[in-house]
Amino acid sequence: MLRLSDEILLTILKYLYYLDPNFVRWGQKEDLLATRAACRRLANIGTSLAFEHVTLIHGERNYATFLQMSRSPHLCQSVRRLTFTFESFEVDPTPEQFEYSRGIYKDSDQHTPEELNELYKTYCHGCEHQKHIEESNVDIASLAAAIPQYRTLRSVRVLEDLGSRSEDWFVYDDRGYTGTGPRLFGAITSALYVSGLEIEELHLGSLGSDARALIGIVQELSSLALLPYPRVFGRLRRLVMILPWTVDAGQVDYYGVLELIQSAALALEELVLRSDNLGDALPAEFFESLSLPHLQVLTLELLEIQSPLHLMQFFRKHAHTLKVVELCSINLESGFGSNLESNLESSWELIFVEMRSCLNLESIRLSDLMDSGREILAGRNYRVVNMWAIEDFIQRQTDDNPFELERLQESHEL
């Protein structure tokens, strides 16, 4: 076996443990690490795979470990992807504030009084630990010293851990936020700038499949823009952001989101924008001001869009580069005319006709598209149009416009 090349051995070891481009784990890292005991050659190959992705959980001991790792050139050169996770804690919370922030209510029979008391103690300990980290600047100092040593770093994820919240938390969430997220993102950005590292992927969101927005970071992006975004993110090829559907006071800071995207405009190949629910609509100038000359993949999910014209203009502008489009749970706030009832059909239909006309897509996925809060409809009887038929129509796999077919079928039934 050891007569095989390093490349082939690496491929074999990936069957033991592998993290794909979407951060989905395959296998167990422990099995991979066990092979390092066989010989020095397997140890070196296994290290490059085992430490290709490192997760740093916001905590004093973890920052010390991260800093210690940065002093090992062998480990540093293996790290290409870093994930930073943190929890948000209210400062000096009362029991009532704790219960509300975690979506826990005494009258719901979720927990006994004793369990609530233990949860509250654990939460207060987390508050004290976070306070200590911030007052001592352990987080900022450690990141500033360690990140410049990871010269092969290409991907950064900043994720809030919402695991301690109840299942009903999102229903009652007041959409407020603490300063932990913006502080961490600012420290990471500053460290990347000082080190001269230019990452290729940035993901801002939360842990778990039920993704939630990093409200604090999104709402502070405009003020954080005083940091050198273009210098740090000028070579981003992939940007994934989970946007808040609404915030506690005022509106979502979409202009800060725009500043971040535009800082990566010249290199960006994939843009993924998701909201954690339908809420505040993207401002009119959001799509109008975006010009991404190398954009190939676009994913929009759970977003409110003011007018179909905004999407049509964006598709025209990027017609020569776009190859993959996913539109999921998108709601158009208004149609082309003043009578919304008569435009339920025409708004999305004209978007699809425009996409067919100007785009040459390799892949398209459509689901749960709405117009003024209703599913895509066609004809006087408001039949729901088949999404697969629309996808085939846009990709020119058929010349049959599904909307026209529905109207034709309806006319035959009259």
Set of lysines near K29 by C-alpha distance (under 21 Å), chain-local residues within fewer than 8 positions excluded: K14
To the nearest 0.05, what FRET efficiency results for N277 and N117 with a Förster distance of 35 Å applied to their C-beta separation? 0.60
Could you size up the charge dipole of the stretch 1-95 around its Cα centre, putting +1 on the beta carbon of Lys and Arg and -1 on that of Asp and Glu, and report it in debye to the nearest 20? 620 debye
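Can you tell me how much longer the chain between A284 and D31 gets when fully stretched, taken as 0.36 nm per residue apart minus their C-alpha distance, in nm with one decimal? Kindly include the intermediate steps, with their values, before the conclusion.
Details: separation 253, 0.36 × 253 = 91.08 nm, distance 5.15 nm.
Result: 85.9 nm gained on full extension.
Please report, in debye to the nearest 20, how large the charge dipole of the stretch 53-93 is about its Cα centre when each Lys and Arg carries +1 at its beta carbon and each Asp and Glu carries -1 there.
Numbers: 4 positive and 4 negative charges, 95 e Å.
The dipole magnitude comes to about 460 debye.
Can you give the FRET efficiency for R396 and S223, using 1/(1 + (r/R0)^6), R0 = 45 Å, r = Cβ-Cβ distance, to the nearest 0.05?
For R396 and S223, the calculated efficiency is 0.45.
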Given a Förster radius of 22 Å and the C-beta distance between N360 and V24 as r, what FRET efficiency does 1/(1 + (r/R0)^6) yield to the nearest 0.05? 0.15
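Throughout, read-outs are computed from the coordinates displayed, never taken from laboratory work. Note that the coordinates shown come from a computational prediction; the quantities given were computed from them, not determined experimentally. Here Cβ is always computed from backbone atoms with ideal geometry, including for glycine, and neighbour counts include all displayed protein chains.
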